[in-house]
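Enquirer: Handing you this structure, nothing more for now.
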Amino acid sequence: MGKFLAGVVATFVVLIVGAYAFIAFGCMPANADGKPPIIERWMAHTSLRASIQREAPQGAVPVALTDANLTAGVKLYAANCAVCHGASDGEASNIAMGLYQHAPQLAKHDVTDDPEGVIYWKVKHGIRLTGMPAFSPTLSEEQIWQTVLFLKHMDSLPPAVDKVWKAVPSAKTVS
Ligand code: HEC
């Protein structure tokens, strides 16, 4: 029994020292211009899905579907999101291309099929291990929902709002 316990303790010590050495000697990649390993992708995707399932709000959207709220959403998007997610032309900026997880250009890969609560969760809390920031420290609840409203209806905007959206300058970086 004593020998068995000593073996277990020794195994743990070797594992901990090995993990420390792996990180401390630079074997764990810290660069953003590589592909994430399978284990990291699995951890990131699985924890994101589970967190959203547990925490995303399910009820009705608390802001009304009006031109005023949609226009406010477009303006918030232009100021806070377009640098990474692009304008209506769907052209990516250098920032979007250089992120460890490329930021989707939402005019091309829209989220209109996603439930509002899921979009809300991502905008409010951000996405760990990616460049997606949390907007809980900076945008009010109303502003987050206005942005969600715009993203949910991006493909069916009323003409007056669509005009404001089409006027958002391209995010494509001039090199
Ligand atoms: C600094 C860059 C950056 C900014 C600014 C940014 N995002 Fe993101 N966002 C990302 C990245 C990177 C991802 C991809 C994360 C992933 O791979 O899971 C993402 C993912 C998303 C997604 C999920 C897309 C999908 O296909 O499921 C939504 C929705 C989103 N962002 C909305 C926003 C909104 C709204 C704003 C502004 C209020 C914003 N983002 C600002 C980088 C950014």
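The values are calculated or read from the model by the stated rules, or taken from the named source; none is laboratory data. On a predicted model such as this, the values are computed, not experimentally measured, just so you know. All Cβ positions, even for glycine, are placed from backbone atoms using ideal geometry, and neighbour counts span all protein chains on display.
Enquirer: Show me the helices (runs of 4 or more DSSP H) entirely contained within segment 62-121 in which 2 or more residues are under 30 Å from Ala30 (Cβ atoms). Explain how you work it out, then say what you get.
Expert: Details: elements: 67-80, 82-85, 94-98.
The qualifying helices (runs of 4 or more DSSP H) are 82-85, 94-98.
Enquirer: Which pairs do you get when a residue that is over 22 Å from Lys35 (Cα atoms) and assigned by TED's automatic domain parsing to the domain that holds Gln101, found in segment 115-132, comes within reach of a residue that is more than 6 Å from the ligand (Cβ to nearest atom) and part of a loop (DSSP other than H, G, I, E, B), reach meaning Cβ atoms under 6 angstrom, with the pair 6+ apart or on two chains?
Expert: Short answer, once both residue conditions are applied: Glu116/Val61; Gly117/Ala56; Gly117/Pro57; Gly117/Gln58; Val118/Ala56; Trp121/Ala56; Lys124/Ser136; His125/Ala134.
Enquirer: Among the residues of segment 130-155, write down those that are assigned to a loop (DSSP other than H, G, I, E, B), under 18 Å from Gly86 (Cβ atoms) and within 11 Å of the ligand (Cβ to nearest atom). I'd like the intermediate steps shown before the answer.
Expert: Just the residues of segment 130-155 that are assigned to a loop (DSSP other than H, G, I, E, B), to begin with: 130-140, 153.
Remaining after also requiring under 18 Å from Gly86 (Cβ atoms): 130-133, 135, 153.
Correct list: Thr130, Gly131, Met132, Pro133, Phe135.
Enquirer: Please find, within segment 67-103, the residue that is farthest from the ligand (Cβ to nearest atom) out of those that are closer than 17 Å to Ala160 by Cα and among the β-branched types (Val, Ile, Thr).
Expert: So the residue we want is Thr71.
Enquirer: Could we say that Ala103 is without any contact (Cβ under 8 Å) to a residue 40 or more places away in the chain and aliphatic (A, V, I, L, M) here?
Expert: Values: without any contact (Cβ under 8 Å) to a residue 40 or more places away in the chain: yes; aliphatic (A, V, I, L, M): yes.
Taking the combined requirement at face value, the residue satisfies it.
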